[in-house]
Amino acid sequence: MRPPPASPAPAVAHGPAIDRDAPMVHLLTPGDHFSPRTGSAIPTVVDGLCRGGREEAPVPAVLVARGTYPDRYDSAHALEYDARSPLPAQRLLDAGLGRLGLPRAGIRRELRAALTGLRGWPTSTLLAHNAPQAVPLVPPRHRAVLYAHNVLLRSYTPREVRLALDRVAGIICVSESLASQTLPSLPPSLASRVRIVLNGVDTTVFRPRPDPARNDRLHVMFVGRMIADKGADVLLEAVRRLGRPDVVLTLVGSAGFDANARPTPFERTVLGAARELGERVRVRPFVPRPQVPGLLREADVIVVPSRWPDPCPLTVLEGMAAGAAVVASAIGGIPEQLGGAGLSVPAGDPGALADVLGALADDEPFRRRTADACRTRALSRDWVHARADLDAALGSL
């Protein structure tokens, strides 16, 4: 781990090209927490990229609202700012303004507040995570790079894309799949600035249990948000169809990041179906991020049953690093994370998933070979590799 962040260096002027040795600043979605308490995906990625940097590289910074969770990741400077509350009906208002070719005033109001955290910070490469509207607001002495974790430009007209991203130095997409969905929205001048950086994993935190042998039952696990897109119900149906007492399932997650929140209709449906299977299925609500590695270490098989084109879900590599055989939907950027090491199934197909789980239950050597291949894949995609990919991508712009 890097030493604790030092005080910011004095401002230094650089030339127009991106300098990989300039301090790096990450802009989170306004109001998000740079904290392990939630396990929210983008702060987790930012923390990994900050930890994965070269020892001699300047310590990065993260723009984070004052008043968010105080237990923050220690991998970066926290540049605080006073947040502004979203305007009423902001998304609808902003979408209407965008269609008229006008700036999206609501989100820009929040982003301007966030960028005040840059005051006194040296010239940097600023990575705007999922925030295309931040690009024209970044002070000219900083280089703005859009970091896309999701499809961001579907509601943008071609004119609005040009106005919002005219100054962007580059666009980082977290998978080839996401890039293929982003490119049709970009003019040729911007399409040439797209780069791919897959998410990584901390293979020291996510590691196999000392004895990877399974007991007399195959322990299958899902960890993720309990929403229809993530497909926990598909996995539950696969286990029901399998009908084997030697296959047990643990579902971990809530619709949001609050274990005490009122269950949504989807969560109630999953809970009802789980009760029908009795002791073979255990359902747990959201757990804080520090508990996730230990949970994954208990599993023989981790399933990522997304039914939507998930751009680059973290659980794929985390399950691999934890020593499990990973089974995941062949959709979105998931196959890129699997890298041929895990097992793919068609999205939304509980029958195919049941067949794969049955094969893993019947053939322990097959399960162990799959788990070993998954761990090897994870070791090749840790955050050091991901940060090196990011540095190379920025250096090519």
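The values are calculated or read from the model by the stated rules, or taken from the named source; none is laboratory data. Quick caveat: nothing in here was measured; it's all calculated off a predicted structure. Counting neighbours? That spans all protein chains shown, and the Cβs are built from the backbone with ideal geometry, glycine included. To get the accessible areas, we keep the full protein, side chains included, count just its heavy atoms, and leave off ligands, DNA and RNA. Shrake-Rupley method; radii C 1.70, N 1.55, O 1.52, S 1.80 Å.
Just so you know, in region 257-307 the residues that are part of a strand (DSSP E or B) and β-branched (Val, Ile, Thr) include one that is nearest to Gly319 (Cα to Cα), and it is Ile302.
For the residues Gly395, Gly339, Gly348, the requirement of being modelled with pLDDT under 95, surrounded by fewer than 19 Cβ atoms within 10 Å (Cβ to Cβ) and small (Gly, Ala, Ser) singles out Gly395. If the condition is being assigned to a loop (DSSP other than H, G, I, E, B) and more than 15 Å from Gly358 (Cα to Cα), then region 225-256 contributes Arg225, Met226, Ile227, Gly231, Gly253, Ser254, Ala255, Gly256. Report yes if Ala228 is farther than 22 Å from Asp349 by Cα, open to solvent by less than 50 Å² (accessible area, probe 1.4 Å), aliphatic (A, V, I, L, M) and in contact (Cβ under 8 Å) with a residue 24 or more places away in the chain, otherwise no. Considered against the rule, which asks whether it is farther than 22 Å from Asp349 by Cα, open to solvent by less than 50 Å² (accessible area, probe 1.4 Å), aliphatic (A, V, I, L, M) and in contact (Cβ under 8 Å) with a residue 24 or more places away in the chain, Ala228 comes out as no. Can you find, within region 325-336, the residue that is farthest from the chain's Cα centre (by Cα) among those that are aliphatic (A, V, I, L, M) and either surrounded by fewer than 22 Cβ atoms within 10 Å (Cβ to Cβ) or assigned to a loop (DSSP other than H, G, I, E, B) (or both)? For region 325-336, the residue satisfying everything is Ala330. Do the conditions hold for Ser189, that is, is it without any contact (Cβ under 8 Å) to a residue 12 or more places away in the chain and not basic (Lys, Arg)? Yes; evaluated as a whole, the condition is true for this residue. Of the residues Ala89, Ala148, the single one that is crowded, with 21+ Cβ neighbours inside 10 Å and either touching a His at 6+ places or on another chain (Cβ under 7 Å) or among the small types (Gly, Ala, Ser) (or both) is Ala148.
Only one of the listed residues (Phe206, Phe266) is within 25 Å of Asp310 (Cα to Cα) and either at pLDDT below 95 or open to solvent by less than 40 Å² (accessible area, probe 1.4 Å) (or both). That residue is Phe206.
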